[in-house]
Amino acid sequence: MQGEKRFEPKLFYGINLSDFIGTDHFLMKLNDAISLEWIRERTRSYYSHTGKPSVDPVVLVKMLLVGYLYDIRSERRLVEEVRLNLAYRWYAGYERTRKSPTTASSPEPAPGSGEISSSRYSRRYSDSA
């Protein structure tokens, strides 16, 4: 008799990301071997004391390290990979339910920014042709 798998999405999942990744994954070993907590203190003077909190500098360095180690050359692609790959997400310190960092150059337009017209592109690049 042929079986059929039916996907029934749940509102909440009780999962531990490290259970999916496994203790033998390179990023698990890297996380145990190297602590990057010192980065916060070293970069503290570059941040304002007012305004909206930034992305944690340790997260940024970990994401850049993932990009370097796994040959992800584009910042947009790196953001997408961290969003999708559970091991990268765990290493950066994001739970599955929490939204991962984005980049200012991400393809989604900022709210209220409107569309970029094609005439703007043609003006910018017409001299280079």
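The values are calculated or read from the model by the stated rules, or taken from the named source; none is laboratory data. Small disclaimer: the values here were computed from a predicted structure and weren't measured. Reconstructed Cβ throughout: ideal geometry from the backbone, glycine too, with neighbour counts over all protein chains shown.
When the stretch 1-49 is examined, which residues are found to be outside any helix (DSSP H, G or I), at pLDDT 90 or above and not hydrophobic (A, V, I, L, M, F, W, C)?
Those that are outside any helix (DSSP H, G or I), at pLDDT 90 or above and not hydrophobic (A, V, I, L, M, F, W, C): Asp24, His25, Ser35, Glu37.
Among the residues of the stretch 80-105, which ones are more than 19 Å from Gly22 (Cβ to Cβ), surrounded by 15 or more Cβ atoms within 10 Å (Cβ to Cβ) and either among the small types (Gly, Ala, Ser) or modelled with pLDDT of 90 or more (or both)?
If the condition is that a residue be more than 19 Å from Gly22 (Cβ to Cβ), surrounded by 15 or more Cβ atoms within 10 Å (Cβ to Cβ) and either among the small types (Gly, Ala, Ser) or modelled with pLDDT of 90 or more (or both), then Glu80, Ser100 are the ones that fit.
Just give me the residues in the stretch 25-78 being surrounded by 13 or more Cβ atoms within 10 Å (Cβ to Cβ), within 19 Å of Trp90 (Cβ to Cβ) and among the small types (Gly, Ala, Ser), in sequence order.
The answer is Gly67, and nothing else.
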